[in-house]
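Peer 1: Just dropping this structure here.
The values are calculated or read from the model by the stated rules, or taken from the named source; none is laboratory data. If you're wondering where the values come from, they're calculated on a predicted model, not measured in any experiment. Note: ideal-geometry Cβ built from the backbone for every residue, glycine included; neighbour counts use all protein chains shown. Protein only, heavy atoms only, side chains kept; ligands, DNA and RNA dropped before computing areas. Shrake-Rupley method; radii C 1.70, N 1.55, O 1.52, S 1.80 Å.
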Amino acid sequence: MNEARHPLRLPGTAVLAALAMLFLYVPIIVLVVLSFNASDMTTIWTGFSLHWYAQALGNDTMLVAIGNSLTVAAVATILATAAATSAALGIARSGGRARTAVEGLLGLPLLVPEIVTAVALLMLFVLVGVRLGLMSVILAHTVFCIPFAYYPIRSRLAALDPALGEAASDLYAPAWRRFLRIELPLLAPGIFAGALLAFISSLGDFVITYFVAGPGATTLPVYIYGMIRTGITPEVNALSTLLLLASVAVVAIVFRSGTTPANQTRGEKTS
């Protein structure tokens, strides 16, 4: 591309980009800073303190909510990743319009408004008699986590050399051994990236959880929302910061492993 016609060379685009970044990250920075505020007032800074973190981590109800969030995210991630891996392998062996249609259906939950998915799942659970609780939350999270796990796995699978499987077939290796000894190890980075994306999506979900959670199934985002309804306190800032740190840690692991969809796509182009 001609350097003179590069979009970032146009007047004002760099300023707009900087303003967009500020608009995106300033609220998060303010939240993190105020979580260390010693004052009872959320917006009045009086000094540095870890008091609100200690109070949040000493809150038994909040610890139960964290436990529920981790349980739901872990189980939903395992189920969604297994389903996404099976779907990716099955779709890769198919072709034509059916393949395009199935891939479109798998990605549809990413485009449908979350409130629609929440209402639909609530109605489904009521119709089939599923009791609202931790199990209904796990089932709902598994549904919307499948697309997050599917696309990194599908991208990784598309980059595999089919000659490896053909060579194993020529050596009379059964299908299960080809999968365990060849396909699964090569797919592992994509499965790992998909599982992490599914985990972080489940961990931070509020809308769907709010609709399908029953008594005793309060997760951390729902608990934080309940605290905000009674007034924003620095403890809410501390809880939100802890949730943010967990999300950043997972995203950092994904990028560190070099298994993001973008990296995989780049690898496909250079191979």
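Peer 1: Under a plain spin-label model, where a point goes 7 Å from the Cα along Cα-to-Cβ, how far apart in nm are Arg99 and Ala20?
Peer 2: Computed distance between label sites Arg99 and Ala20 equals 3.4 nm.
Peer 1: Could you give the angle, 0 to 90 degrees to the nearest 10, between helix 220-229's Cα long axis and the longest principal axis of the Cα atoms of the chain?
Peer 2: That helix lies at roughly 30 degrees to the long axis.
Peer 1: Next question. How much accessible surface area, in Å² rounded to 10, belongs to the heavy atoms of Val75 with a 1.4 Å probe?
Peer 2: For Val75, solvent-accessible area is about 60 Å².
Peer 1: Toward the positive end of the charge dipole of segment 48-161, about the Cα centre and with charges on Cβ (Lys, Arg +1; Asp, Glu -1), which of Ile146, Gly133, Ala92 goes farthest?
Peer 2: Ala92
Peer 1: Angle check, please: helix 184-203 long axis (alpha carbons) against the longest principal axis of the chain (alpha carbons), in degrees 0 to 90, nearest 10.
Peer 2: Taking Cα atoms only, the helix is inclined about 30 degrees.
Peer 1: Write out the chymotrypsin sites (Phe, Trp or Tyr not before Pro) in segment 163-225 meeting two conditions: DSSP loop, and at most 11 other Cβ atoms within 10 Å of their Cβ.
Peer 2: Filter output for segment 163-225: Tyr172.
Peer 1: Please report how far the C-alpha centroid of segment 160-177 lies from that of segment 21-85, rounded to the nearest whole angstrom.
Peer 2: Between the Cα centre of segment 160-177 and that of segment 21-85, the gap is 47 Å.
Peer 1: With a 1.4 Å probe and every protein chain kept in, tell me what percent of the accessible surface of segment 44-187 is carbon plus sulfur.
Peer 2: Summing carbon and sulfur atoms, their accessible area is 70 percent of the total for segment 44-187.
Peer 1: Within segment 94-164, which trypsin sites (Lys or Arg not before Pro) sit in a loop by DSSP and count at most 13 neighbouring Cβ atoms inside 10 Å?
Peer 2: Listed in order of number, the matching sites are Arg131.
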